[in-house]
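See structure below.
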Amino acid sequence: MRTLSSFVGLVVLAAVSGCTVGLSENEGKGPTSGGGTSTTPEPKPADPMAPAPKPAAGMAMARVVHGASDAPRVDVYVKGGGKEPIVSGLAYGETSKWIEVPAADYEFEIKASPSTAASPVAYTTSKVTLPEGGHMTAVAAGLLGSKDASSAFRVIPLHEKYDAAAPGTLRARVLHAGADAPEVGLDVGADDPKMPEVDGVGRFTDTGPAGIELPAEQALTIGIAAGGNKVTSFTTPKLPEGANVLVVATGLLGKLAREKAGFALLAVGPSGSIGFVKQDPIVYALHASPDAPAVDAFVGAAQLVDNLAFGQISAPIQVPPGAYGIDFFGTTPGASRPAGYPAASASSGKLEPGERYLAIATGFLSQPSQPFRLAGYREGFATAGTGPRLRAIHASPDAPAVDIGLASGNALSPVLFNGLSFGNASAEDGLAATASNLPIGIAAAGAASGLVARFTVPAADEQRAFVVAAGSLNHVGGRGLRFLVVDTAKSPWTVATVLPH
């Protein structure tokens, strides 16, 4: 039976893998009241896992973690404590240096950086008690622009009182600060979201100051579950024995995982931010091989795709980062890997944390000149603007290099995508288009006139779509040239077939 410790270990270990922020830019300054002195900004620490400094007699230690995804860089002041900030220019994902202050009660003011004593205050904390010898981490969380009390900006004081880690273990404290995330469960192994090992973790709550004892030096997997369904997952590396780590689940589920404000884990060591861990990559498989039957796909004995027919797209497949060898079989009942050799095998290519990919099964099973293959394309559409954006992919194995553009008579005017050969794609951020039924033509690359095919492609506001030229120019397998339009704007992705006129 899996334990609570093994589950939280997943969370903590995940927090160190795939870090994207790097070490903290510690720009805090010393206190300006109560006996402290100002200092110039310090460089980021060489080791965020170094032990925290111990305060002198009568003193306490405090630091700030910026975990509010929509807030700018901030300055932190002691209310009534002077004209200079104690922390300056702290950005999302960063942790200030430890600041030694007299043990007392404090209120803190948050201002947009750069600021002066006369600048408006964005937020004032309630009274926070810093006991003698104590360590307090104040986490800025929530949304600065929200008027909803359930997601509004706040500062959460966490008094650090980690218990000593036994040999072979570490201590972890987990804070749920996802401003648009529901109450969640934590599913060890991401194998059963209906029965997560830890359930009912509410927004802006944490697992307690003592931390939870976890096995060290183990890589694990976790899923985030809500309402019995998997929301997302993270993968984990190892974490050293004896470590004390704060893990802040922050960002927004409503943002793409690759975006700065996307839902992620922020790992904070005893001496600074370790970095963000992005969500596991997601892959959608598109069947575009003209002469292949419906297929099942396996990684080892694990089935990834079941009964995917030509022109269909799979459900989202979330996997740990890495590269995978995928075996394809003609579809059979059940989820067990068939005996014998696969009909074809292919590599996924390297899948990175936080990314989404379209994996297109294309080529021919029957023609070795263009054999069956798996071609992967990262979803990187620009997110600005509300109009549609389109990215063209050439996945018709017997078609020559082509130009694609707006059809005008028997010519292209203008050409939108130049000289696409089989397997190639246009720019990753997509081409801005007008929301309308677009008259799209395909011509041989460089041809002044003479369309190979003409289509009407619907484009709608908010759409972010791969326009995949698929099928066979020569009707191999009875499947002629067509567009498969994969819309990525909402999850799960959808596909629509557009046949030529």
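A short reminder: the numbers here are calculations on the coordinates, not readings from a lab. Fair warning: this is a prediction, and the values are worked out from it, not measured in the lab. Here the Cβ positions follow ideal geometry from the backbone for every residue, glycine too, while neighbour counts run over all protein chains shown.
General observations
- Label point distance in nm, residue 161-residue 456, each placed 7 Å from Cα along Cα→Cβ: 7.1
- Entries in 147/350; 97/238; 111/230; 350/490 that, when Cα-Cα distance is taken, lie over 32 Å: 147/350; 111/230
- Distance in nm between pseudo-label sites at residue 345 and residue 413 (7 Å out along the Cβ direction from Cα): 5.3
- Shape annotation for region 196-239: C-alpha extents along the principal axes are 31, 25, 16 Å, from largest to smallest.
- Most positive-pole-ward Cα, 463, 486, 450, against dipole of region 282-498 from beta carbon charges: 450
- Working note: 222 nm ellipticity from helices only, DSSP H runs with n ≥ 4, each -39,500 (n - 2.57), summed and divided by the residues of the chain, gives -500 deg cm²/dmol to the nearest 500.
- Put simply, when 471-477, 433-439 are sorted by average Cβ atoms within 10 angstrom per residue, most first, you get 471-477, 433-439.
- Spin-label pair residue 497-residue 57: with each label point 7 Å from Cα along the Cα-Cβ axis, the two points sit 8.4 nm from one another.
- For region 226-370, the spread of Cα positions along each principal axis, largest first, Å: 60, 36, 33
- On Cα atoms only, tilt of 4-14 relative to the major axis of the chain in degrees: 70
- Ordering of 280-291, 440-451 by packing [mean C-beta count within 10 Å, highest first]: 280-291, 440-451
- Counting only Cβ charges, +1 for Lys and Arg and -1 for Asp and Glu, the dipole size of the chain around its Cα centre is about 600 debye.
- Difference of contour (0.36 nm per residue) and Cα-Cα distance, residue 255 to residue 191: 20.6 nm
- Stretchable slack from residue 383 to residue 79, in nm (0.36 nm times residue separation minus alpha-carbon distance): 105.5 nm
- Considering only 167, 82, 394, the residue lying farthest towards the positive end of the dipole of the chain is 394, judged by Cα position with unit charges set on Cβ.
- When the trypsin sites (Lys or Arg not before Pro) in region 184-248 are filtered for DSSP coil states and for at most 12 other beta-carbon atoms within 10 Å of their beta-carbon, the remaining sites are 194.
- GluC sites (Glu not before Pro) within region 53-160, DSSP loop, no more than 13 other Cβ atoms inside 10 Å: 132
- About its Cα centre, the dipole of region 209-293 is roughly 300 debye, where the only charges are +1 on Lys and Arg Cβ and -1 on Asp and Glu Cβ.
- Region 56-131 has equivalent-ellipsoid semi-axes of 21, 14, 11 Å, by the square roots of 5 times the alpha carbon gyration tensor eigenvalues, sorted largest first.
- The phi-based Karplus calculation (6.51 cos²θ - 1.76 cosθ + 1.60; θ = phi - 60°) puts the 3J(HN,Hα) values of region 333-349 at x, x, 10, 7, 5, x, 6, x, 7, x, 5, 7, 9, 7, 9, 6, x Hz, whole numbers, x for Gly and Pro.
- According to the Cα-based calculation, Rg over Rh for the chain is 1.07, with Rh computed by the Kirkwood formula.
- Alpha-carbon Debye profile of region 377-501, log10 I(q)/I(0) at 0.15, 0.16, 0.18 Å⁻¹: -0.63, -0.72, -0.92
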